[in-house]
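Visitor: There's a structure below that I have some questions on.
Bear in mind these aren't lab numbers, they're just calculated from the coordinates by the rules spelled out. The structure presented is a predicted model; accordingly, all values stated were derived computationally and were not measured.
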Amino acid sequence: MNAQMNAGAVLHDIAGTPGARAPEAETALAATVQNLVASGDQAAARELFSQIVGRQQRRASRIAWHYLRDAADADEAVQDAFVKAYTHIGSFQPTLSFEVWFTRILINGCLDRQKARTRRSPVSSQRQLSRTRNRLAGRSSTIPRSSASARSIRCADASPGRRLS
């Protein structure tokens, strides 16, 4: 309970109003969580960290969806990032921004998931690579059906002595 009152005071002092979103507020909360973990008060640390989760959840979900383009994968990546941030809160440097630190954890997790997805699906990645190459070359990946049909008809009508125009 004392930790919650302390967190409320930290939020009010930094953000101006209780619950207002400011990057400095998360940094101050994370520093308090770090101190609580170091002192062995895990329950209070988890309670305070849950406030950070509540404040960062939507932003983290948007970032993860941007990288993964799959809601289920994005939700898992966000949850994994919060767990990793909590378990590694001891390495957080309170002089830096918590938001930047957490975002880096999240993005690295999303990139790892993308790599794993690519390794699991080589056919899909080959198709994507082929589409990208064709797009960069300025042509479509398939020949329109009408053009292919017209070519086959012209070739069938051509006798060995006639020229194709």
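Visitor: Based on the alpha-carbon gyration tensor of region 62-101 and its eigenvalue square roots a ≥ b ≥ c, which shape applies: rounded if a/c is under 1.5, prolate if not and a/b is larger than b/c, or oblate?
Guide: oblate
Visitor: Near the amide H of Asp70, under 5 Å away, which other amide H atoms are found, from residues 5 or more places off or on another chain, if H is placed in the peptide plane?
Guide: none
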